[in-house]
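S.K.: Quick one: this structure, given as structure tokens, is what I'll be asking you about.
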């Protein structure tokens with residue numbers, strides 16, 4: 001039986017340079033000293049951004065100390081018009097880790113995480 005976690009691909013999978021969403025944490029750099037979390041897909045090697053092959057969406061989730069997972073936001077990208085990156089204003093003190101996922105219309109779902 002297949003589980004949802006079986007469809008997620010990470011850094012060890014083929015094409016990781018352009019598919020894995022990279023998480024950048026910028027503590028206190030937002031308006032009013034708020035924390036900013038940026039997700040970038042294809043930072044080191046740009047991902048194609050064509051109608052035939054593109055990143056469809058990216059999502060950010062936070063894991064609290066008690067294990068509760070909070071959906072912090074999701075963005076959809078228009079092929080050929082928007083680059084696959086997004087910024088979120090997040091109170092990082094509430095979380096022990098962050099998880100980012102992204103979806104390529106050809107190569108599926110990719111994930112990465114960072115401990116805070």
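Where a number appears in this text, it was derived from the coordinates with a stated rule and is not lab data. Bear in mind that the values here come from a model prediction, so they are computed numbers and not experimental data. Because the Cβ atoms are built from the backbone with ideal geometry, glycine has one as well, and the counts that use them run over all protein chains shown.
S.K.: Helix-only mean residue ellipticity at 222 nm, the chain, DSSP H runs n ≥ 4 weighted -39,500 (n - 2.57), per residue, nearest 500. What is it?
M.R.: Working: 1 runs with 4 residues, N = 116.
Result for the chain, helices only: -500 deg cm²/dmol.
S.K.: Can you tell me the FRET efficiency between residue 80 and residue 115 if r is taken as the Cβ-Cβ distance and R0 is 35 Å, rounded to the nearest 0.05? Kindly include the intermediate steps, with their values, before the conclusion.
M.R.: On the way: r = 35 Å, r/R0 = 1.01.
Calculated value: 0.50.
S.K.: Restricting things to alpha carbons, find the Rg to Rh ratio for the stretch 4-115 using the Kirkwood radius for Rh.
M.R.: 0.97
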